[in-house]
Amino acid sequence: MKITGGKVFDLERGFVERDVCFDGPLLTLDSKDGHSYDAAGCYVIPGLTDVHFHGCRGADLSDGDPDGLQTMAEYELSRGVTQICPAGMTLLEEQLTKVCKTAAAHKREGRPGADLVGVNLEGPFLSYAKKGAQNGDWLHAPDVAMLRRLMEASEGLVKLVSVAPEEPGALDFIKEVAEEVNVAVAHTTADYDTALAAFRAGAREVTHLFNAMPAFTHRAPGVVGAALDSPWSRAELICDGIHIHPSVVRATFKMFGRDRVVLISDTMRAAGMSDGEYDLGGQNVIVKGPLATLADGTIAGSVTDLMACMKTAVSFGIPLADAVRAAAVNPAKAIGIFDRVGSLEPGKRANVAVLGPDLELKAVFFHGEKVV
Ligand SMILES: [Zn+2]
């Protein structure tokens, strides 16, 4: 297969005109099978990686349901999200174990849909005061032994874990596990100094920057300032047009630079469904258009998939090449899979999305097969 005539995402130069070739599951320098796809006037980009979404199409990772997880993987693939690292909510360890075992079995059995490249444990090591849409009854102090049990249940799939650094034992927890898993600062009341201590202890990510944390102000820069001052860290950003004001999206790309922003969708099960009432980690969520809220009005995840979030970022003024980097390159780096996916160099997986001039999804190639 030769994808011809398109503007192809390039790590150094933004977009370049060249062919993208593959005759099997990996990208190659040339193609000999005689097939071609005309991408004239289109953008050719790597398949995206979503490291933080809970569910879609009526299913949620937290259900621990094998068929639900497959539904999620298939939906994400249909949207050009070729790698997924779905997130669990704050749940009891028993349910989190079931979630991790379900993910491990999904991977082992090679079920269809986007590649399951990780599990993100957003809960339970979070702050009650900033729980957002997490269920407060099931929060737990940071616990290395519990994390290791869950890692084992997931057969090594846990790639991200969120922690509120002001919780008892959090800094020791971060130091202990930072080599094994990407620790993210999240759902926290931490001030600048506490957050800085977390990054110095080994945290490398911020879970949905600005959401569920103190604001960034001139005398109290909080987690946002501490992350900025820790250049090894990356910041997740929900770019659904609801969670973050367009001006703050632009400011974040300027402050953190294009290499440190990780676009995430944070979708819950209503993504890809119609308006109505849905469950999110044991709580009722009302969905109307792009807005998902608890009964008290708390924003509860999004319903905008990552490809649509990337398009939204562009509509806010982020250059397309930077938005692609934030949705394909940086998330792959965050969970350690950039050697296999996330750009269009020969040798990487032939996971490719083709977008029309208005960024509408035209085609998805997955392991070298056209699936959309
Ligand atoms: Zn959250």
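Quick note: the coordinates plus some simple rules give every number you see, no bench work behind them. Since the model is a prediction, treat every value here as computed from it, not as a measurement. All Cβ positions, glycine included, derive from the backbone under ideal geometry; neighbour counts span all protein chains shown.
Note on the chain: with charges restricted to the Cβ of Lys and Arg (+1) and Asp and Glu (-1), its dipole about the Cα centre is near 780 debye.
Compute for segment 282-372: radius of gyration divided by Kirkwood radius, i.e. Rg/Rh, restricted to C-alpha atoms, rounded to two decimals.
On the way: Rg = 16.2 Å, Rh = 15.3 Å.
Radius of gyration over Kirkwood radius for segment 282-372 works out to 1.06.
The aspartates and glutamates whose alpha-carbon is closer than 17 Å to the alpha-carbon of Lys175, local same-chain residues fewer than 8 away aside, are Asp143, Glu166, Glu167, Asp193, Glu205.
Applying 1/(1 + (r/R0)^6) with R0 = 35 Å to the Cβ-Cβ distance of Ala178 and Lys370 gives a FRET efficiency near 0.30. Dividing the alpha-carbon radius of gyration of segment 202-321 by the rule-of-thumb value 2.2 N^0.38 Å gives 1.10. Taken along its principal axes, the alpha carbon cloud of the chain reaches lengths of 61, 45, 41 Å, longest axis first.
For the set Lys2/Lys311; Lys107/Lys288; Lys130/Lys348; Lys98/Lys311, the pairs lying more than 28 angstrom apart at their alpha carbons are Lys107/Lys288; Lys130/Lys348; Lys98/Lys311.
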